[in-house]
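What follows is a single structure, written as structure tokens, with notes after it.
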Amino acid sequence: MKKTLALLALSAASAGAFAQFANATNIWTGQLGVKADRGSTEDVVAYSNVTNFTGSGVAWNDAQDVGGAMSTYMDADDLDAGPASGQDVIGFTFSSANFNASDVTASPTVVFWEGDSGAPGNVVAGFRFNPITLGANSAQLWTITSASPLFTIPSGGFLFMGVSWDDFGDQAATGATQTEIGNLGQAIFDPPTVGSSGPQFWSSDNFGNNYQDFPAGALYGNPMTDIINFGDEIITADPVPEPASLAVIGLGLAGLAARKRRKA
């Protein structure tokens with residue numbers, strides 16, 4: 001089946017195993033079709049693109065049964081958190097976009113992969129969440145935090161962060177229909193305020209969570225603006241040094257070395 005991207009506007013209004021059925025907290029809700037500035041946060045972040053909501057989102061209008069759960073494709077954005085490479089992640093935020101005219105309850109799965117190759121590589125971590133209720137025709141941001149590290153940012157600093165939706169919660173179906181699940185996706189924010197992201201996103205060839213190394217898929221872009229960046233954020237345990245601060249520290253060390261040579 002050929003995939004047809006539905007780029008729609010919302011109307012005004014750890015590695016090796018999943019962290020099973022965690023809870024995600026809603027931290028912001030906006031209406032599709034209405035651009036909005038969510039405002040800055042106080043979190044220590046390695047990557048952040050949750051401030052500038054464009055009013056749009058992405059869904060494929062398609063879902064299929066995968067192991068008894070009606071599931072979407074998994075769409076993933078490329079995140080560059082280079083200055084934070086090797087740091088522990090203690091929280092993250094992902095976005096939802098519900099293009100249905102009514103509320104829909106669904107379970108999200110979030111997977112992180114190494115991204116050095118320009119596509120999802122080895123799995124870094126995967127998380128499955130309890131069902132959450134997505135407001136009709138709206139975009140939302142959801143966050144999870146932990147007292148202990150969830151995973152470590154790869155040495156290259158590049159990640160792909162993917163989200164899929166299904167109709168099966170802990171023990172029982174959510175009651176969402178195939179059509180309703182197919183109309184779920186992610187919200188588009190741009191530009192990022194910390195780190196950077198390329199203009200395209202990756203989408204799986206297979207339905208479901210695609211929790212595997214080097215999953216099959218392809219890159220897609222926005223035919224109108226050629227930019228699609230999802231509402232994602234990665235929270236670290238330690239502050240990420242600013243490039244300017246690093247440069248000042250480097251100059252300071254160089255100055256000390258020169259002074260030492262003059263005294264010799």
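The values are calculated or read from the model by the stated rules, or taken from the named source; none is laboratory data. No experiment lies behind these values; they were computed from the predicted model shown. Neighbour counts are summed over all protein chains in view; Cβ atoms, including those assigned to glycine, are modelled from backbone coordinates with ideal geometry. Side chains are part of the model used for accessible areas, which takes the heavy atoms of the whole protein and leaves out ligands, DNA and RNA. Shrake-Rupley method; radii C 1.70, N 1.55, O 1.52, S 1.80 Å.
Rolled with a 1.4 Å probe across the full set of protein chains, the surface gives Asp103 an accessible area near 100 Å². Put simply, the convex hull of the Cα atoms in the range 19-177 casts, on average, a shadow of 9.5 nm².
Taking all protein chains as shown and a probe of 1.4 angstrom, Ser155 keeps an accessible surface of around 110 Å².
Please work out whether the range 23-90 counts as rounded, prolate or oblate from its C-alpha gyration tensor, where a ≥ b ≥ c are the square roots of the eigenvalues and a/c under 1.5 means rounded, while otherwise a/b larger than b/c means prolate and anything else oblate? Cα axes put the range 23-90 in the oblate bin. Solvent-accessible surface of protein heavy atoms, probed at 1.4 angstrom with all chains present, puts Glu233, Glu180 in the order Glu180, Glu233, largest first.
Share of pairwise Cα-Cα distances greater than 11 Å in the range 78-121 is 79 percent (whole percent). A straight chain from Ser196 to Asp238 at 0.36 nm per residue would run longer than the Cα-Cα distance by 13.2 nm. Close amide-amide hydrogen proximity is noted between Phe92 and Ile144, Ile235, each under 5 Å apart and 5 or more residues distant or on a separate chain (H modeled in the peptide plane; Pro and chain starts excluded). Residues of the range 192-222 with backbone nitrogen within less than 18 Å of a virtual label 7 Å along the Cα-to-Cβ line of Asn61, please, listed as ranges. Answer for this model: 221-222.
Largest accessible area first, the listed residues Asp170, Asp232 line up as Asp170, Asp232 when surface is computed with a 1.4 Å probe on the assembled protein chains.
Think of a 1.4 Å ball rolled over the protein heavy atoms: the range 54-149 then has 28 Å² of accessible area per residue.
I'd like the FRET efficiency for Ala147 and Ala218, computed as 1/(1 + (r/R0)^6) with the beta carbon distance as r and R0 of 51 Å, rounded to 0.05. E between Ala147 and Ala218, to the nearest 0.05, is 0.85.
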